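Each remark here refers to the structure printed beneath this line.
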Amino acid sequence: MQIYGLCFIGQGVTPIPLQNVVVEANVVDMIAEVTISQTYKNVEKDTIEAFYKFPIYEAAAICGFEAEIDGQRKIKGIVKESKEAAKEYTEAVQKGHGAYLLESESEDVFQCSVGNITSGQTVIIKITYVTELKHDSETEKIRFVLPTNIAPRYGSSEYSSSSNDGKILNPDVVSYSNKADFYLDLAVTCRMTSTIQNIESPSHKISTEMNIDENPKISKVTLSEQITYLEKDFILVVKSKDLNQPRAFVEYNPETQTNCVMLTLVPTFALNATMSELIFVVDRSGSMGIEPMKKAAQALELLLHSLSEDCYFNVVSFGSRYDPLFPKSQLYSETSLSKALNLAQTMTANYGGTEVFSALKWTFENSRDDMPTSVFFLTDGGVWNVDQIVELVRENEEKKKDDLRLFSLGIGDSVSHNLVESIARAGKGYSQFVTNDERIDKKVIGMLKNALKSPIKDYNVTWANVEPFEEKELDITPMEVDKPTISFMSDDNTEPPPPTLNIFTDIKVQQAPYFIPPIYSGVRFIVYCILEKNIEPCKVISLKATSQDGPMKLDIPLDPVTLQGSKIHRLAARKLIQDLNDKKSFIHKHPKNANKYIPASFVEEQIVKLGKTYNLASKYTSFIAIDEKNIETVVSESQTIPQKRIVPQYANLNLGFGRM
């Protein structure tokens with residue numbers, strides 16, 4: 001594992017030691033706001049330009065970026081379109097100004113570029129994000145995760161969706177300093193609606209102060225050991241009274257003058273099981289190592305012992321290659337079970353690389369057509385071609401409609417949340433995570449029980465007393481369509497994309513995500529809705545759905561206290577951006593937009609608009625901050641200002657966030 005921090009490009013890659021790291025997290029029920037502050041000092045003789053990568057949870061929304069220089073000046077970043085921000089950064093660096101740029105490399109990895117740190121200068125970089133908290137079904141608590149590693153990724157970065165595309169990204173620069181003359185300062189404050197009953201960490205030793213100011217709803221957690229880095233993801237699980245009950249909040253954002261409603265619950269319901277095919281796809285690549293492989297084998301054995309006698313099943317091992325246990329799924333029997341258990345008890349991480357795509361492709365192509373199929377995907381994650389894999393899952397899910405679901409289990413201390421979460425979302429299942437030291441039984445059995453039940457369909461939420469689809473027309477002329485460049489020396493008659501028709505947009509009630517996520521017993525359900533200006537939400541939010549056993553309905557009273565701020569709006573906007581990236585948005589899927597060509601440039605435009613409105617970093621928006629210096633200062637420093645970036649290529653390494 002390499003140290004995580006800042007490095008600069010000179011003759012090679014030189015690490016810049018961290019001076020201090022402070023992580024402050026505020027947990028309020030099922031939402032957390034996290035601020036990470038890292039202090040660096042340029043101990044070199046020359047002015048330098050540096051780069052810094054950090055991981056965040058896949059569903060998080062980065063909403064704040066700030067640089068403090070020598071304790072005297074604070075510069076807040078503003079969100080701009082990514083190419084524009086990168087251009088401004090480059091120009092500022094070349095002029096000798098201090099420049100700070102925050103860009104998305106992938107859904108769960110961001111890069112910060114710091115231009116012109118003068119000799120002896122101290123810089124504090126602050127990054128703030130908000131995130132939903134997952135429900136931990138093993139403990140019936142909420143689960144706060146602070147990602148600390150960028151997991152090693154198998155394959156080539158050419159498959160990454162976030163190609164440079166005008167950005168200042170250096171995907172392979174990952175060499176960092178191992179010098180750390182400080183202790184990590186980490187504090188998590190929990191402010192819950194009801195009494196906090198228990199707090200624990202399965203990953204680290206913690207000190208917990210309960211009943212802050214004699215209030216049983218407030219607690220503070222710190223690390224009990226003096227450490228300089230987090231060698232694995234920091235995980236906190238919190239139990240609070242009635243946290244799983246259905247709740248609906250409304251937040252008013254003064255800047256946008258809009259209301260946003262958040263509906264959340266952990267449902268418990270009983271539906272009859274149905275005859276199914278279950279396919280267990282198990283990662284046996286080298287990255288699984290010893291402990292994650294043991295945990296995956298334990299999970300597989302538990303699943304096999306829990307199968308019903310009328311199901312069909314198969315096991316697919318994969319790494320650089322894939323090996324199905326059976327050519328086609330077999331009916332559960334003493335013989336088929338014995339063969340599968342023998343495999344589970346003897347499997348090791350000896351399959352080399354992590355070729356997820358081919359293993360899942362074979363799984364989908366060889367699944368049964370006469371019954372529903374549930375795929376269980378067990379992995380430590382970490383591949384470059386996440387988008388390609390997600391598209392494969394989405395295509396097959398849409399092809400089989402409600403007869404294919406994918407559930408994913410992320411195993412280990414530094415899992416790639418992006419892969420595990422994304423494929424479960426595309427497969428209309430859900431994901432769970434387990435470290436090497438946690439129990440797995442309840443999570444695995446709960447997942448199996450949900451997989452054996454027919455999916456709930458026809459979801460509908462009544463948010464406000466208005467017709468949700470009173471659209472405005474947005475006319476996009478064919479001239480705005482992305483058209484291929486025509487060569488003067490080729491007679492290739494490739495047809496251009498079809499001309500764009502009128503696209504309906506700007507609905508009064510913007511649900512996020514547009515398609516309500518599948519509801520499973522024992523799994524936290526969260527959905528948002530941003531209402532147009534001057535529209536008030538219903539006093540009672542109604543959730544309706546249909547199951548094979550009959551209709552389902554739940555009425556949730558809206559909390560009478562209107563929250564003020566932007567956290568819930570930003571989480572909703574993050575979901576809207578996710579929808580647009582996944583091609584599942586209102587623009588893509590509204591019936592009146594059926595069979596219409598939606599140009600990529602228009603999707604990018606919508607994401608940029610959301611990023612700017614809600615101050616969010618995304619695939620197409622970045623934070624930029626400029627510290628303008630007068631020309632006399634620049635000349636007097638007489639330092640070499642970097643004019644051109646020459647980026648050496650390094651092998652992907654495992655980075656501690658901190659090893660701060």
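The values are calculated or read from the model by the stated rules, or taken from the named source; none is laboratory data. On a predicted model such as this, the values are computed, not experimentally measured, just so you know. Don't worry about glycine lacking a Cβ; one is built from the backbone with ideal geometry, like all the others, and counts go over all protein chains shown.
If only one of Leu580, Leu576 is in a helix (DSSP H, G or I), more than 23 Å from Val466 (Cβ to Cβ) and either aliphatic (A, V, I, L, M) or assigned by TED's automatic domain parsing to the domain that holds Thr193 (or both), which one is it? Talk me through it step by step, then tell me what you get.
Values: Leu576 fails: more than 23 Å from Val466 (Cβ to Cβ).
Of Leu580, Leu576, the one residue that is in a helix (DSSP H, G or I), more than 23 Å from Val466 (Cβ to Cβ) and either aliphatic (A, V, I, L, M) or assigned by TED's automatic domain parsing to the domain that holds Thr193 (or both) is Leu580.
The conditions are (1) under 20 Å from Val23 (Cα atoms); (2) in a loop (DSSP other than H, G, I, E, B), and Thr208 fails exactly one of them. Which is it?
(2) is the only condition that Thr208 fails.
If you take just the strands (runs of 3 or more DSSP E) that sit entirely in region 63-123, which of them hold at least 2 residues that are more than 23 Å from Thr14 (Cβ to Cβ) and polar (S, T, N, Q)? Don't jump to the end; show me each part of the working.
On the way: elements: 73-76, 78-81, 98-106, 109-117.
The strands (runs of 3 or more DSSP E) meeting that bar are 98-106.
Being basic (Lys, Arg), touching a strand residue (DSSP E or B) at 6+ places or on another chain (Cβ under 8 Å) and touching a residue at least 40 places away in the same chain (Cβ under 8 Å) is true for just one of Lys83, Lys126, Lys95. Which residue is that? Step through it out loud before you land on a result.
Details: Lys83 fails: touching a strand residue (DSSP E or B) at 6+ places or on another chain (Cβ under 8 Å); Lys95 fails: touching a strand residue (DSSP E or B) at 6+ places or on another chain (Cβ under 8 Å).
Answer to the check: Lys126.
Quick test for you: out of Asp323, Asp310, Asp380, pick the one residue that is over 27 Å from the mean Cα position of the chain (by Cα) and modelled with pLDDT under 95.
On the way: Asp323 fails: modelled with pLDDT under 95; Asp380 fails: over 27 Å from the mean Cα position of the chain (by Cα).
Only one candidate passes the filter, namely Asp310.
So, in region 211-231, of the ones that are aliphatic (A, V, I, L, M) and crowded, with 17+ Cβ neighbours inside 10 Å, which residue ends up modelled with the lowest pLDDT? Steps first, answer last, please.
To start, the set of residues in region 211-231 that are aliphatic (A, V, I, L, M) comprises 212, 218, 221, 223, 227, 230.
Subsequent filtering for residues that are crowded, with 17+ Cβ neighbours inside 10 Å retains 221, 223, 227, 230.
On the way: Val221: 97, Leu223: 93, Ile227: 77, Leu230: 70.
Step by step, filter region 211-231, then rank; the result is Leu230.
Where the second residue is surrounded by fewer than 13 Cβ atoms within 10 Å (Cβ to Cβ) and the first is more than 13 Å from Leu392 (Cβ to Cβ) and lies in region 358-371, which pairs have Cβ atoms under 6 Å and are six or more apart or on separate chains?
Taking only residues 6 or more apart or on different chains, the pairs are Met371/Met275.
Answer yes if at least one residue in region 61-72 is under 23 Å from the mean Cα position of the chain (by Cα), surrounded by fewer than 22 Cβ atoms within 10 Å (Cβ to Cβ), under 30 Å from Met192 (Cα atoms) and of a type outside the set (Asp, Glu), and no otherwise. Give the derivation first.
Of the residues in region 61-72, the ones under 23 Å from the mean Cα position of the chain (by Cα) are 61-66.
Narrowing the set further to residues that are surrounded by fewer than 22 Cβ atoms within 10 Å (Cβ to Cβ) leaves 64, 66.
Retained after the next criterion (residues that are under 30 Å from Met192 (Cα atoms)): 64, 66.
When the remaining residues are screened for being of a type outside the set (Asp, Glu), the result is 64.
There is at least one residue in region 61-72 that is under 23 Å from the mean Cα position of the chain (by Cα), surrounded by fewer than 22 Cβ atoms within 10 Å (Cβ to Cβ), under 30 Å from Met192 (Cα atoms) and of a type outside the set (Asp, Glu).
Given the structure, is Glu105 closer than 19 Å to Lys167 by Cβ, modelled with pLDDT under 90 and under 25 Å from the mean Cα position of the chain (by Cα)? Before you say what the answer is, go through the steps one by one.
Working: closer than 19 Å to Lys167 by Cβ: yes; modelled with pLDDT under 90: yes; under 25 Å from the mean Cα position of the chain (by Cα): yes.
Yes; evaluated as a whole, the condition is true for this residue.
Please find, among Phe234, Phe269, Phe182, the residue that is modelled with pLDDT under 95 and farther than 30 Å from Arg574 by Cα. Working first, answer last.
Details: Phe234 fails: farther than 30 Å from Arg574 by Cα; Phe269 fails: farther than 30 Å from Arg574 by Cα.
Of Phe234, Phe269, Phe182, the one residue that is modelled with pLDDT under 95 and farther than 30 Å from Arg574 by Cα is Phe182.
Going through region 295-306 one residue at a time, which ones are closer than 20 Å to Met275 by Cα and in contact (Cβ under 8 Å) with a residue 60 or more places away in the chain?
Just the residues of region 295-306 that are closer than 20 Å to Met275 by Cα, to begin with: 300, 302-306.
Listed by number, the residues that qualify are Leu300, Leu302, Leu303, Ser306.
So, in region 111-131, of the ones that are surrounded by fewer than 23 Cβ atoms within 10 Å (Cβ to Cβ) and in contact with a Ser or Thr (Cβ under 6 Å, 6 or more places away or on another chain), which residue ends up nearest to Lys629 (Cα to Cα)?
Only one residue tops the list, namely Thr118.
Test each condition in (1) within 30 Å of Asp403 (Cα to Cα); (2) assigned to a loop (DSSP other than H, G, I, E, B) for Phe313 and report the one that comes out false.
(2)
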